[in-house]
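Notes for the one structure printed next.
The values are calculated or read from the model by the stated rules, or taken from the named source; none is laboratory data. Since this is a predicted model, take the numbers as computed values, not measurements. Don't worry about glycine lacking a Cβ; one is built from the backbone with ideal geometry, like all the others, and counts go over all protein chains shown.
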Amino acid sequence: MAGLFHCRDLLGVPAMTVHPSLTHALAQALVDVLWFIEGSDEEQMDQDDAVKVMENVAHLVSGLSGEQRGELAPLLAAMAEAESDPARREFLEGFPEGFGLLDEPA
């Protein structure tokens, strides 16, 4: 079955995920990584490195074309709507503004 793969989440729990598109899979992976970084403390990750990663993602996202933004923004909104964890939902809802998705393309 296309798009079906087995993986482990950040806590090592086996998960089976189906994504309708590569864009959706990559958006999910990006959010998972950024959510992990956002929640990391100094013992888990150097905070200067964490800030650099977040800034680099914001720079990349702010440089997306209008068409790419039009594809990513609804995915993030759907992910937020489907999220059951209130803190992660808030992170997803704030993603477009926090990472420059709402700014004009570069």
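Descriptive notes on the structure:
- Qualifying residues in segment 85-106 (those that are crowded, with 17+ Cβ neighbours inside 10 Å and out of contact with any Phe, Trp or Tyr (no Cβ under 9 Å at 6 or more places or on another chain)) - the one modelled with the lowest pLDDT: Gly100
- Of the criteria (1) within 14 Å of the chain's Cα centre (by Cα); (2) loosely packed, with under 14 Cβ neighbours inside 10 Å, which one Asp49 fails: (1)
- Any hit, segment 65-75, residues being over 13 Å from Gly100 (Cβ atoms) and buried (at least 16 other Cβ atoms within 10 Å of the Cβ): yes
- Residues located in segment 31-67, provided they are in a helix (DSSP H, G or I) and among the acidic types (Asp, Glu): Asp32, Glu38, Asp48, Asp49, Glu55, Glu67
- Close Cβ contacts (under 9 Å, 6 or more residues apart or on different chains) running from residues in segment 29-51 that are more than 24 Å from Pro86 (Cα to Cα) to residues that are hydrophobic (A, V, I, L, M, F, W, C) comprise Asp49/Ile37.
- The listed residue being over 21 Å from Pro20 (Cα atoms) and either out of contact with any strand residue (DSSP E or B) (no Cβ under 9 Å at 6 or more places or on another chain) or of a type in the set (Gly, Ala, Ser) (or both), out of Ala73, Ala78, Ala82, Ala50: Ala50
- Scanning segment 53-64 for residues that are more than 22 Å from Ser21 (Cα to Cα), in contact (Cβ under 8 Å) with a residue 40 or more places away in the chain and surrounded by fewer than 15 Cβ atoms within 10 Å (Cβ to Cβ) returns a single hit, His59.
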